[in-house]
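Colleague: Please find one structure pasted underneath; my questions will follow.
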Amino acid sequence: MSSTAETPAITLYTTQTPNGVKISIALEELGLPYTVKKLDLSTGVQKEPWFLAINPNGRMPAITDTSFPDGKAIHVWESGAILQYLVETYDKDHKISYPKGSREDWQVQQWLFFQNTGVGPMQGQANHFFRYAPERIPYATNRYIAETERLYSVLEAQLASSSSGFLVGDRLTIADITTWGWITIAEWSGIDVAKFPALQKWQKLLEQRPALKRGADVPEPSKIKETLKSPEAIEKAQQAATKWIVPK
Amino acid sequence: MSESITLHSHKGGPNPWKVVMVLEELGLKYNTIFVDANTGEHKKGPYTALNPNGRMPTLVDHSNNDFTIWESGAIVLYLIGKYDTTHKISFPDFDSTAIANQYLMFQMSGQGPYFGQAAWFMHFHSEKLPSAVERYVAEIHRILGVLDGILADKEYLVGGKASYADLSFIPWNWAFGFFGEHVAGWEEKYPNFTAWNTRLNERAAVKKTKADKAAVN
Ligand SMILES: N[C@@H](CCC(=O)N[C@@H](CS)C(=O)NCC(=O)O)C(=O)O
Ligand SMILES: N[C@@H](CCC(=O)N[C@@H](CS)C(=O)NCC(=O)O)C(=O)O
């Protein structure tokens, strides 16, 4: 299983983004050793043939695991599928998951899809129109901010009625992990977080976890909170990102 | 309730029909309740008690203590996990399952949201916003290109057979007519994708689902 050798079996291809940190957080919570390969998206490395052989979709995160039980290396991409892979392969004690087929397990899958297909894509579009789009379209900006806030209100209601403070059952799961990174950049996306007190409480609860903090800082700590403090820094960050985001 | 499963569906939207396809493939009997989005009944009780996200589909399994689950991808995983014991459209081994889930996630987070936004800016939004249309048309073509590349040496996405991973893409593939000139010539541009799409549309369960959808629209 997880190797004690110098070279960990798992390699994570990532960068400091809400989708990337999902995987490093899960790896840290599970205590698995892994090697980080940082992808500098501004260089277009994610569209180079060697990386497309790992992920034909040309996006990060992706992982390679050489300790796959059948002896062949496996590549997995799509952050939600990587999280499922990690818990099914390595979380035998159900630290951040529930036994397969249990009621809680299906609920975890439901919230996992909710983030990966709802919160992620819609908040990503909010970022695009609020921060990066060369042409400012108020309608589009409002559309995606409003939809993201609607999705947040669904999370808010779930968390407000949760006795443990987590999305499903009594523990932190991959449903919380997949969601956390996006909530932390809400302000960047133009979302008014003050509207979601239960979500903020949940965020604080998660941030008390040393493993989560370690995973969140991969491959380096996020600069977003610092950036948001000054208009000049915001402007600079938007321009830098626009260079790689807008062409494709 | 005459059948043991109830599907809360929507006539026009792609996602409920993804679940129908899986129900049909597995030969499961189910009742359908169409929720009328025009009246907003999906944004209030009693529907939001089943699905707090106020979207369709939601599935209720009466044979499992009225077990209730929403998000089409999670419903598909529930159905195959519980009912596809002979692995007709799923896989017995962990390896293939991991990759099938990767493609399901790609459909759910890559194809669905972006095809959906393209449809919105082309057809539903009152004002013409060319740069928004262009953004999502570019993404449609990018995704078709990715699938075409993946399918260059394969008949199906995983394990040489049609599975829930392949089927999940079909409802949005049906929308090409809707995208019109923006995807003109897609059959020639993406031949591997096209051959795969044709193959899947020839399946009895897919044909039945398509006919059922046409009948209510
Ligand atoms: N649904 C995908 C989304 C991945 C995604 O959006 N990745 C971004 C970084 S956060 C990316 O690699 N973008 C590069 C590009 O578009 O060229 C997942 O969850 O893995
Ligand atoms: N090609 C992308 C570049 C930007 C990008 O990859 N953004 C990521 C976040 S880092 C995103 O929005 N992902 C959507 C998701 O995770 O579903 C675009 O134009 O949106």
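Colleague: Has segment B:138-145 got any residue that is within 11 Å of chain A (Cβ to nearest Cβ) and within 25 Å of residue A:179 (Cα to Cα)?
Modeller: Scanning segment B:138-145, I find at least one residue that is within 11 Å of chain A (Cβ to nearest Cβ) and within 25 Å of residue A:179 (Cα to Cα), so the answer is yes.
Colleague: If residue B:113 satisfies all but one of (1) of a type outside the set (Ser, Thr, Tyr); (2) assigned to a loop (DSSP other than H, G, I, E, B); (3) free of Cβ contacts under 8 Å to residues at least 12 places away in the same chain, what's the number of the condition it fails?
Modeller: (2)
Colleague: List, please: which pairs have Cβ atoms under 7 Å, are six or more places apart or on different chains, and start with a residue in segment A:152-165 that is within 11 Å of chain B (Cβ to nearest Cβ) and end with one that is at pLDDT 95 or above and open to solvent by 40 Å² or more (accessible area, probe 1.4 Å)?
Modeller: Partner pairs satisfying both residue conditions: A:154/B:52; A:157/B:52; A:158/B:52.
The rows are residues; the columns are (1) hydroxyl-bearing (Ser, Thr, Tyr); (2) at pLDDT below 95.
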| residue | (1), (2) |
| --- | --- |
| A:72 | no, yes |
| A:82 | no, no |
| A:102 | yes, no |
| A:119 | no, no |
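Colleague: Scan segment A:132-139 and give yes if some residue there is within 16 Å of ligand 1 (Cβ to nearest atom), facing chain B (nearest Cβ under 10 Å), over 28 Å from residue A:30 (Cβ atoms) and open to solvent by less than 10 Å² (accessible area, probe 1.4 Å), otherwise no.
Modeller: Scanning segment A:132-139 turns up at least one residue that is within 16 Å of ligand 1 (Cβ to nearest atom), facing chain B (nearest Cβ under 10 Å), over 28 Å from residue A:30 (Cβ atoms) and open to solvent by less than 10 Å² (accessible area, probe 1.4 Å).
Colleague: For the subset of segment A:153-169 comprising residues that are outside any loop (DSSP other than H, G, I, E, B) and surrounded by 21 or more Cβ atoms within 10 Å (Cβ to Cβ), which member is nearest to ligand 1 (Cβ to nearest atom)?
Modeller: A:155
Colleague: Anything in segment A:218-235 that is open to solvent by 30 Å² or more (accessible area, probe 1.4 Å) and within 16 Å of ligand 1 (Cβ to nearest atom)? List them, or say none.
Modeller: Within segment A:218-235, A:219, A:220, A:222, A:223, A:224 qualify.
Colleague: For segment B:108-118, does any single residue satisfy the condition of being open to solvent by 20 Å² or more (accessible area, probe 1.4 Å) and farther than 28 Å from residue A:178 by Cα?
Modeller: Checked segment B:108-118: no residue is open to solvent by 20 Å² or more (accessible area, probe 1.4 Å) and farther than 28 Å from residue A:178 by Cα.
Colleague: In addition: Residue by residue through segment B:113-159, note down the ones that are more than 24 Å from residue A:55 (Cα to Cα) and of a type in the set (Phe, Trp, Tyr).
Modeller: The answer is B:120, B:121, B:124.
Colleague: Looking at segment A:236-248, I want the residues that are over 17 Å from residue B:114 (Cβ atoms) and more than 9 Å from ligand 1 (Cβ to nearest atom) and have a partner that is at pLDDT 85 or above and open to solvent by 60 Å² or more (accessible area, probe 1.4 Å) with Cβ atoms under 7 Å, at least 6 apart or on another chain. Which pairs are those?
Modeller: Filtered contacts from segment A:236-248: A:243/A:42.
Colleague: Mind checking whether some residue in segment B:177-185 is among the charged types (D, E, K, R), open to solvent by 30 Å² or more (accessible area, probe 1.4 Å) and more than 15 Å from the chain's Cα centre (by Cα)?
Modeller: So far as segment B:177-185 goes, yes, one or more of its residues are among the charged types (D, E, K, R), open to solvent by 30 Å² or more (accessible area, probe 1.4 Å) and more than 15 Å from the chain's Cα centre (by Cα).
Colleague: Right, next: Would you say residue B:78 is over 29 Å from residue A:128 (Cβ atoms), at the interface with chain A (Cβ under 7 Å from one of its Cβ atoms) and either crowded, with 17+ Cβ neighbours inside 10 Å or polar (S, T, N, Q) (or both)?
Modeller: Yes.
Colleague: Where the second residue is of a type in the set (A, V, I, L, M) and part of a helix (DSSP H, G or I) and the first is more than 7 Å from chain A (Cβ to nearest Cβ) and lies in segment B:94-108, which pairs have Cβ atoms under 6 Å and are six or more apart or on separate chains?
Modeller: Pairs that qualify, where the first residue is more than 7 Å from chain A (Cβ to nearest Cβ) and the partner is of a type in the set (A, V, I, L, M) and part of a helix (DSSP H, G or I), are B:100/B:165; B:103/B:165; B:104/B:165.
Colleague: Are any residues in segment A:55-70 more than 10 Å from chain B (Cβ to nearest Cβ), part of a loop (DSSP other than H, G, I, E, B) and open to solvent by less than 20 Å² (accessible area, probe 1.4 Å), and if so, which ones?
Modeller: A:61
Colleague: Please work out which residue is farthest from the other protein chains (Cβ to nearest Cβ), limiting yourself to segment A:74-130 and to residues that are in a helix (DSSP H, G or I) and among the acidic types (Asp, Glu).
Modeller: Checked segment A:74-130; the qualifying residue farthest from the other protein chains (Cβ to nearest Cβ) is A:104.
Colleague: Right, something else. Of the residues that sit in segment B:121-131 and are free of Cβ contacts under 8 Å to residues at least 12 places away in the same chain and assigned to a helix (DSSP H, G or I), which one is nearest to the other protein chains (Cβ to nearest Cβ)?
Modeller: Per the criteria, the residue is B:131.
Colleague: Between B:137, B:146, which is in contact with a His (Cβ under 7 Å, 6 or more places away or on another chain), open to solvent by 10 Å² or more (accessible area, probe 1.4 Å) and without any contact (Cβ under 8 Å) to a residue 60 or more places away in the chain?
Modeller: B:137
Colleague: On to the next question. Inspect segment A:177-184 for any residue being open to solvent by 10 Å² or more (accessible area, probe 1.4 Å), more than 21 Å from residue A:81 (Cβ to Cβ) and within 16 Å of ligand 1 (Cβ to nearest atom) and give the result as yes or no.
Modeller: For segment A:177-184, residues open to solvent by 10 Å² or more (accessible area, probe 1.4 Å), more than 21 Å from residue A:81 (Cβ to Cβ) and within 16 Å of ligand 1 (Cβ to nearest atom): present.
The values are calculated or read from the model by the stated rules, or taken from the named source; none is laboratory data. Every value quoted in this text rests on a predicted model; they were computed, and no experiment measured them. Cβ: placed from backbone, ideal geometry, glycine included. Neighbour counts: every protein chain shown. To get the accessible areas, we keep the full protein, side chains included, count just its heavy atoms, and leave off ligands, DNA and RNA. Shrake-Rupley method; radii C 1.70, N 1.55, O 1.52, S 1.80 Å.
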